[in-house]
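Reading through the C-alpha cells given below for one structure.
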Amino acid sequence: MIERVYRFGKDGCLVGVLTEPEVEVYKEGTPIVLLMPAGRIHRVGPHRLNVTLARQLASLGFMSFRFDLGGIGDSETPRDSKPSEERAVDEIREAMNFLSRNKGVGQFVPVGLCSGADDAFRVAIVDPRIVAAVLIDGYAYRTWGFYARHYLRRSRHYGQCLLNLSKWQVLFKRVYSKVSASNHGSTVEGEADFRILPQKKTVIVELKKMIERDVNLLFIYTIGLPDYYNYQDQFYDMFGSIDFRGKVQYQYFGEANHIFTLASDRNRLIQSICAWMQARYLPRKEEWEVEQTEINRTALGQVCAGSSTASAVSRIVS
Amino acid sequence: MHPYYFGDSKKLLFGAYHPPHSQGTKNTGVIVCYPVAQEYIRAYRAIRQLAVQLSRAGFHTMRFDYYGTGDSYGDDTESSLSEWKANIHTAIDELKDSSGVRKVCLIGLRLGAALAAAVSIRRADVADVVFWDPVVNGGHYLEGQKTLYQLMLADRSLFPVPRKPSASDEILGFSFSGKLRNEISQINLLQGRICEAKSIFLIVSEQRDEYSHLCDSLNASGTHVHYRVVNGPGEWDRAEKIEIELMPAEIIQTITHEIGKELR
C-alpha cells in the first residue's frame with residue numbers, strides 16, 4: 001500500500017490522502033472509493049475508521065481517497081456564502097475531477113457516515129460518475145413499526161394508561177401525525193435535530209432514478225439514530241414500494257453506536273463494506289481469471305485491429 | 001501549508017509544514033505535538049489553526065501525526081511513547097533541514113506536552129517549550145480516560161444495549177497496549193528535572209492544583225515559567241465533551257502572542 005497526500009480544488013484549498021494498493025494487487029477498472037468526512041471529524045474518520053477502511057480496501061485491490069471538505073481538517077475555510085450542502089457537492093465533484101485527471105479513473109463509490117451519507121446521496125443524484133454508494137446512518141423516516149417499538153420500550157411509563165381505549169385513540173392520532181411529519185422531512189417537537197431531511201417522496205424519486213442508472217446502494221443503520229431508526233427492517237418499511245432490482249441492500253447494526261466506538265463494531269462494518277465491494281467489483285478468483293482472460297483476448301484483438309484504441313486498451317491489459 | 005509524508009519509508013509520518021507568511025521571519029521553528037486518541041480527534045482543527053497563526057507570526061511551523069495515529073502509517077495497536085518521542089526527534093530534524101532554522105520551540109497539548117518535555121531533555125536545539133493543558137500525571141490521565149469510557153458505555157442514549165470494551169486494551173475506541181499504558185503511567189511532570197528548555201510557557205484552560213504545582217516545581221528547578229490561565233474550552237475530563245470539537249480561539253491567540261514576543 002502507498003499513501004500520498006494531495007492538495008486539490010481551487011488554489012489547492014482542499015486536502016486529501018490517496019491510498020493505492022500495491023501494483024500486483026491493484027485491480028484495473030475498479031472505481032475509486034471516496035471516504036467522506038463525517039460531521040466535523042477530519043478525513044481520518046471517527047476512531048480512524050476511514051484510515052483502517054482505506055488500507056483494508058487497498059489490500060483487496062481498491063484505490064480510495066479520504067479528504068476534508070472546506071473548513072474541516074486541513075482544508076481552507078471557505079470564503080463564499082454558498083449553503084454548506086451545495087458546497088459539499090461541488091467539493092466532492094472537485095475531488096472526482098482531480099482523481100479522473102491524475103488516475104484516469106472515471107467511476108467512484110462514496111462511503112459516508114451521517115452528514116457524509118447525506119453528501120454522498122446528494123452527489124450521487126447529480127453526478128453520473130457515481131456508480132455505487134455506501135450510506136451509513138443516512139436518511140431515515142419514522143414508520144408505524146418505528147413508533148410501535150418506540151412506545152413499547154416506553155410502555156412502563158404509560159402503564160395502566162394503555163388499557164384505556166381513549167388513550168389508545170390519542171396515541172394513534174399522535175403517531176399518525178408524527179409519521180406524516182416524518183415523511184415530509186420535518187423534525188419532531190422535542191428533538192435536538194441538526195439534520196435537514198428532504199421529503200420522503202423526494203428521496204423515493206431520486207432512489208428510483210439511481211436504480212435506473214444501475215447505481216448500487218448499501219444502506220447501513222446503527223442504534224445511533226434512536227429518534228429515526230430502531231429496527232432491522234425499517235428500511236424496507238420506508239422504501240419497500242420501490243423496485244430495488246437487486247441494486248439495494250441494507251444492514252442494521254443493532255448494537256453499534258453512531259460513530260462505531262467499539263473496535264469490534266468498526267471491524268464488522270469494515271468487513272461488510274469490503275465484502276460488498278468485492279461482490280460488486282471483484283468476482284471470485286476463478287471468475288475473475290476467466291474474465292481477465294476474455295478481456296485480454298478482446299484487448300489484444302483491438303490493439304491488432306487499430307492503433308487508435310491502443311491507449312484505452314493499454315489500461316485494461318497493463 | 002504543505003502537507004506531505006516524511007521519515008522512514010516503512011514508517012512514514014504525515015506532516016504539514018506551514019511556512020512563515022510575514023516578512024519578519026523568526027529564527028526559531030515550531031513543532032506542534034498533538035494529543036492522542038480521542039483528544040487528537042477533538043483537537044485536530046484547533047492545532048491546524050494554531051499552526052496557521054504561528055506561520056502568520058513569522059514562524060516556520062510543522063505539525064505531524066505520530067506513528068499509528070491519524071494519517072501516518074501504522075496501526076494504533078503498535079503505538080508506544082518511545083516510538084512517538086522518536087517521531088518528534090524526526091520531525092525536528094525534518095523542520096531544521098527543510099527550513100534552515102537552528103532552534104525549535106515545541107508546543108505540546110495534553111499527552112503531547114509530556115512527550116515534548118521528554119524530548120527537550122535530550123536535545124540542545126529545543127530552546128523553548130509550551131505546555132498546553134499538559135498531562136501532568138500519566139496514571140491519573142489513564143484513570144480519567146478509563147472513567148470516561150465507562151461513562152460512555154453506561155450512557156443508555158448512546159448504547160441502549162449494554163456493551164463492554166471489545167478488547168481489554170481499548171479506551172474510548174482506541175487501543176492502549178500494555179506497553180503504552182505502562183509507559184504513560186510512568187509520566188510525572190512533578191518529579192525531577194523534566195525539561196531543559198530555556199523558557200517554558202504553561203498555558204492552561206482552567207485553574208487546577210496540578211498546574212500550579214507544575215509551575216512551582218519548574219520555577220524551583222531554576223526555569224522561568226510564563227504561566228497563563230486562559231479560560232476556554234478543554235474540559236478534558238467531562239463525558240459530554242468527548243465528541244465535541246475543540247475551538248480554543250483565545251488560547252491560540254495567547255500562545256501565538258506569548259511566544260511571538262519572546263522568541264526571535
Next on the checklist: Rounded, prolate or oblate, given the Cα gyration tensor of the stretch B:142-258, with a/c below 1.5 counting as rounded?
Outcome noted: oblate
Item to check | Whole-Hz couplings from phi, Karplus 6.51/-1.76/1.60, listed for the stretch B:132-143; x for Gly and Pro | outcome: 10, 6, x, 6, 7, 10, x, x, 5, 4, 4, 4
Checklist outcome for this item: Taking every DSSP bridge whose two residues both lie in the stretch B:1-91, the antiparallel percent to the nearest 5 is 70 percent
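Quick one: net charge around residue A:96, please, counting Lys, Arg +1 and Asp, Glu -1 for every other residue with C-beta under 13 Å from its C-beta. Don't jump to the answer; show the numbers that get you there.
On the way: positive: A:93, A:101, A:103, A:129; negative: A:90, A:91, A:94, A:119, A:127.
Around residue A:96, the charge tally is -1.
What does the charge count around residue B:36 come to, taking other residues whose C-beta lies under 15 Å from its C-beta (Lys +1, Arg +1, Asp -1, Glu -1)? Can you show the working numbers first?
Values: positive: A:48, B:42, B:63, B:85, B:110, B:146, B:179, B:181; negative: B:39, B:65, B:71, B:75, B:76, B:78, B:83, B:133, B:169, B:170, B:183.
Combined, the nearby Lys, Arg, Asp and Glu give -3.
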Checklist entry - How large is ³J(HN,Hα) for each residue in the stretch B:50-65, as worked out from phi by the Karplus curve 6.51 cos²θ - 1.76 cosθ + 1.60 (θ = phi - 60°), to whole Hz, x for Gly and Pro? => result 4, 4, 4, 5, 5, 5, 5, 7, x, 8, 6, 10, 9, 9, 7, 9
Checklist entry - Once phi is turned into ³J(HN,Hα) by the Karplus curve 6.51 cos²θ - 1.76 cosθ + 1.60 with θ = phi - 60°, what whole-Hz value does each residue of the stretch B:232-240 show in order, with x for glycine and proline? => result x, x, x, 6, 5, 9, 9, 4, 6
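Which value in Å does the Kirkwood hydrodynamic radius of chain B take, with 1/r averaged over all unlike C-alpha pairs and then inverted?
Numbers: mean 1/r = 0.0536 Å⁻¹.
Evaluated on chain B, it is 18.6 Å.
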Checklist outcome for this item: So for the stretch B:1-138, using the alpha carbon gyration tensor with a ≥ b ≥ c as root eigenvalues (a/c under 1.5 gives rounded; past that, a/b versus b/c decides prolate or oblate), I'd call it rounded
Checklist entry - Can you list the residues, at least 5 places off or on another chain, whose amide H is less than 5 Å from the amide H of residue A:248, using H built in the peptide plane? => result A:217
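Report the extension gain between residue A:82 and residue A:27 in nm, rounded to one decimal, defined as 0.36 nm multiplied by the number of residues separating them, less their alpha carbon distance.
Details: separation 55, 0.36 × 55 = 19.80 nm, distance 3.79 nm.
The residue A:82-residue A:27 span can extend by a further 16.0 nm.
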Checklist entry - Based on the mean of other beta carbon atoms within 10 Å per residue, what is the order of B:103-112, B:248-257, most packed first? => result B:103-112, B:248-257
Item to check | residue A:221 long-range amide H proximity, modeled H, under 5 Å | outcome: A:137, A:251, A:252, A:253
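Going by average Cβ density within 10 Å per residue, which order do the peptides A:13-25, B:186-198 take, highest to lowest? Don't skip to the end; give the middle numbers.
On the way: A:13-25: 18.5, B:186-198: 16.6.
Those peptides, ordered most packed to least, come out A:13-25, B:186-198.
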Item to check | Amide H within-cut-off set for residue B:60, under 5 Å, with H built and near neighbours excluded | outcome: B:26, B:30
Checklist entry - Per residue of A:257-268, what is the mean number of Cβ atoms on other protein chains within 10 angstrom of that residue's Cβ? => result 5
Checklist outcome for this item: With a ≥ b ≥ c from the Cα gyration tensor eigenvalues, square-rooted, and the rule rounded for a/c under 1.5, otherwise prolate when a/b > b/c and oblate otherwise, the protein assembly as shown is oblate
Item to check | Cross-link reach list, aspartates and glutamates versus residue A:82, counting only Cα pairs under 16 Å and skipping chain neighbours closer than eight places | outcome: A:90, A:91, A:94, A:119
Checklist outcome for this item: One finds, for residue B:220 and residue A:149 with R0 = 51 angstrom and r their Cβ-Cβ distance, a FRET efficiency to the nearest 0.05 of 0.25
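If you take each beta carbon of peptide A:41-51 and count the beta carbons of other chains within 10 angstrom, what is the mean? Each step should come with its number before you reach the end.
Numbers: counts 6, 8, 3, 9, 1, 4, 9, 12, 1, 1, 11.
Mean partner shielding for this stretch: 6.
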Checklist entry - Looking only at other chains, what is the average number of their beta-carbon atoms within 10 angstrom of each beta-carbon in B:39-45? => result 5
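Can you tell me what share of the DSSP beta bridges in the protein assembly as shown is antiparallel? A percent to the nearest 5 is fine.
Numbers: 24 of 73 bridges.
Roughly 35 percent of the beta bridges in the protein assembly as shown run antiparallel, per DSSP.
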Checklist entry - All other residues with a Cβ under 15 Å from the Cβ of residue B:3 taken together, and with Lys, Arg as +1 and Asp, Glu as -1, what is their net charge? => result -1
Checklist outcome for this item: From DSSP H assignment alone, runs of 4+ in the protein assembly as shown each adding -39500 (n - 2.57), the sum over residues rounded to the nearest 500 puts [θ] at 222 nm at -13500 deg cm²/dmol
Checklist entry - At what distance in angstrom do the alpha carbon centres of the stretch A:220-243 and the stretch B:1-38 lie from each other? => result 44 Å
Next on the checklist: So for each of A:72-82, B:38-48, A:222-232 I average, over its residues, the number of other beta carbons within 10 Å; can you give me the resulting order with the highest mean first?
Outcome noted: B:38-48, A:222-232, A:72-82
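Every number here is computed from the coordinates shown, using simple stated rules; none is lab data. Just so you know, these numbers come straight off a predicted model, no measurement behind them. All Cβ positions, even for glycine, are placed from backbone atoms using ideal geometry, and neighbour counts span all protein chains on display.
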